[in-house]
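Peer 1: Structure incoming, see below.
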């Protein structure tokens, strides 16, 4: 497989006992240093794929290579390259924060003295050092999520896989986690992220794969994917209340309430014409925002298209 | 990679010892209390009416069996409960995703069970010394036997945990298999007291061989050949190791 590839999946398949085919021949390459989003609806096969890569799930067939190490031939070398942040809390709730991270480092062959140095580094970076002697069950949900990230980094992996790392985390904390992940990505760690927050994927990731029904339905750069959208909807807050829809020739618009106007604008068109028409009618615009997340629109479109094709 | 494996092994053992030490009221104290009661009731009160058995006082006769009983129970239950809890809480995944070979993982958990088994054995021995003068006739044999028996039952506990689906499943074997086999394994009586038929049946109980050789190490006499007993113990250790390795490496009950 190509040099500079962090992860390569070749015709990966998984059929569970009972015949459920969770992964149906996925081919995927994630470049070294990438920040890659793996999206898909619930039950699409994302967690199974991650489970296979991290060797928690037996694959039925296909090939997985992590930094050139084939999982079938060099399993331990491949495992050394991966740090996994699973979706569910899976640490011993009765152990302390420090015990959890130091033991995990030990499983990867990091000597205890070095493990304590790294524990201080990562727990401090993730704002958990003050909680190092607290039992895991005493932590808040956000702290538990950060603990799992710290644990996954203890052996300083080249590839960090995060399965919905910000689920249930408040916005402020989520943003601080984003900053942290962006920083370690800039330091050279390849990151694969699954998330249900499409805004998160749009903000963080350079490339994206969308899995639906066990199939990779899209795999491209975030830029290329978003460029597929040819229409955007903007919500305008108007200063003056309107009894009826203002006249906007050639522009699709809807009056949601007397002070809120929705306009659909083709990407090729300028917004100036909208403002000019409103100004001409004596209407001032106080503020403006996108109606929906752009990626969300595309995601729904791609998944629906796939459903239509398989129906 | 050998350095890595050794550090990983050490980490599992430290984690296991920390676990049972943290809950010492559940793990180390009960055997001390139970065995004190055994020595008081069976050894001192009932034993004084029984008189001698195998040429020694009854208290002296049952002491090695009671020590061995504690080692067996604690080695088994430590690994069974710890491994199953790790599986149940899914923190076993911490090990499954790490570059830890299966034999290191099994070895680490078994070493944790052996550490608890031997520590409890030592505590019970200290308790026994309040009631009886213990003299070791064959110290090396005592050490080897107690170590191998502890390994054997730690492996048994791990296999139990691999198959267990709920907490009931890790108490069924100790309650319905281990306890009867231990009580019928010659802890409280000499096999020579049994009629021929029941002596033959007892020969099918592997715990008989362990208590027999352990008692030989203390008292210098045995109901069954020491060589045969050692062969049975080593045979079971090898067999259970191979079974545990097969189950863990195939991911049975651990991976989907």
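Peer 1: Which whole number gives the average, over all residues in B:14-21, of C-beta atoms from other chains lying within 10 Å of the residue C-beta?
Peer 2: 3
Peer 1: Enter the mean number of other protein chain beta carbons within 10 Å of the beta carbon of each residue in A:71-81, as an integer. Let's see the in-between values first.
Peer 2: Numbers: counts 0, 0, 0, 1, 2, 7, 2, 1, 5, 4, 1.
That average works out to 2.
Peer 1: Please check: in the Gaussian network model of chain B (C-alpha springs, under 10 Å), which one of B:112, B:54, B:200 has the largest mean-square fluctuation.
Peer 2: Result: B:200 has the largest fluctuation of those listed.
Peer 1: Sort out for me the Cα centre separation of region A:231-248 from region A:167-200, rounded to whole Å.
Peer 2: 35 Å
Peer 1: Rounding to the nearest 10 and keeping the result within 0 to 90°, find how far the Cα-based axis of helix B:2-22 lies from the longest principal axis of chain B.
Peer 2: Tilt of helix B:2-22: around 60 degrees.
Peer 1: Take every DSSP beta bridge whose two residues both sit in the protein assembly as shown, then give the antiparallel share in percent to the nearest 5.
Peer 2: Working: 41 of 58 bridges.
The antiparallel proportion sits near 70 percent.
Peer 1: What order do you get for B:245, A:122, B:109 when you list them from fewest to most C-beta neighbours inside 10 Å? Intermediate values should be presented prior to the final figure.
Peer 2: Details: B:245 15, A:122 23, B:109 29.
In order of increasing Cβ crowding within 10 Å: B:245, A:122, B:109.
Peer 1: Now, a different point. Could you tell me the center-to-center distance, by alpha carbons, between region A:11-77 and region B:1-66 in angstrom?
Peer 2: Region A:11-77 and region B:1-66 have Cα centres spaced 47 Å from each other.
Peer 1: Roughly what % antiparallel, to the nearest 5, for the DSSP beta bridges in chain A?
Peer 2: Values: 39 of 56 bridges.
Just about 70 percent of them are antiparallel.
Peer 1: Here is a further query. Which angle from 0 to 90°, rounded to the nearest 10, does the C-alpha axis of helix A:294-310 make with the longest principal axis of chain A?
Peer 2: Compared with the principal axis, the helix lies near 80 degrees.
Peer 1: So for region B:23-113, what are the equivalent ellipsoid semi-axes in whole Å, largest first, each being the square root of 5 times an eigenvalue of the Cα gyration tensor? Let's see the in-between values first.
Peer 2: On the way: eigenvalues 311, 39, 10 Å².
They are 39, 14, 7 Å, listed from largest to smallest.
Peer 1: Right, another one. Between the helical axis of B:206-219 and the dominant principal axis of chain B, each derived from Cα atoms, what acute angle in degrees is found, rounded to the nearest 10?
Peer 2: It is inclined by approximately 60 degrees.
Peer 1: I want to check the label-to-label distance for residue A:256 and residue A:227. Put each point 7 Å from Cα in the C-beta direction and report it in nm to one decimal.
Peer 2: Taking the two extended label points, one gets 3.0 nm.
Peer 1: Looking only at A:271, A:153, A:123, which one moves most when chain A is put into a Gaussian network model with springs between Cα atoms under 10 Å?
Peer 2: Fluctuation is largest for A:271.
Peer 1: For region A:231-294, what size does the Cα cloud have along each of its three principal axes, sorted from largest down, in whole Å?
Peer 2: Between the extreme Cα coordinates on each principal axis of region A:231-294 lie 29, 21, 17 Å.
Peer 1: Between residue B:26 and residue A:183, what's the calculated FRET efficiency when r is the beta-carbon distance and R0 is 45 Å? Round to 0.05.
Peer 2: Numbers: r = 44 Å, r/R0 = 0.97.
The pair residue B:26/residue A:183 has a calculated efficiency of 0.55.
Peer 1: Note the direction-averaged projected area, equal to a quarter of the hull surface, for the Cα convex hull of region A:194-251, in nm². List each step's numbers first, then the result.
Peer 2: Details: hull surface 28.1 nm².
Hull-based average projected area comes out at 7.0 nm².
Peer 1: Next up: Enter the mean number of other protein chain beta carbons within 10 Å of the beta carbon of each residue in B:94-105, as an integer. Provide the component values of the computation, followed by the final result.
Peer 2: Working: counts 10, 3, 6, 16, 13, 14, 6, 2, 0, 0, 1, 1.
Whole-number average of other-chain Cβ neighbours for B:94-105 is 6.
Peer 1: If neighbour count is taken as other Cβ atoms inside 10 Å, put B:223, A:70 in order from fewest to most.
Peer 2: A:70, B:223
Peer 1: What order, most packed first, do the peptides A:20-32, A:88-100 have when packing is the mean number of other Cβ atoms within 10 Å of each residue? Numbers along the way, then the final one.
Peer 2: Working: A:20-32: 17.8, A:88-100: 19.6.
Descending mean neighbour count gives A:88-100, A:20-32.
Peer 1: Evaluate Rg over Rh across region B:2-250, taking Cα atoms for both radii and Kirkwood's formula for Rh.
Peer 2: On the way: Rg = 18.4 Å, Rh = 18.6 Å.
On the Cα set of region B:2-250, Rg over Rh gives 0.99.
Peer 1: Specify the inter-centroid distance of region B:131-190 and region B:68-117, based on alpha-carbon positions, in whole Å.
Peer 2: 16 Å
Peer 1: Still on this model: Checking the a/c ratio against 1.5 first, then a/b against b/c, what shape does the Cα gyration tensor give for region A:5-226?
Peer 2: prolate
Peer 1: Give the average over all directions of the projected area of the C-alpha convex hull of the protein assembly as shown, one decimal, in nm².
Peer 2: Dividing the Cα hull surface by four gives the mean projection, 34.3 nm².
Bear in mind that the values in this text are calculations on the coordinates, not laboratory data. Fair warning: this is a prediction, and the values are worked out from it, not measured in the lab. No Cβ is skipped: glycine too gets one built from the backbone with ideal geometry, and neighbour counts run over all protein chains shown.
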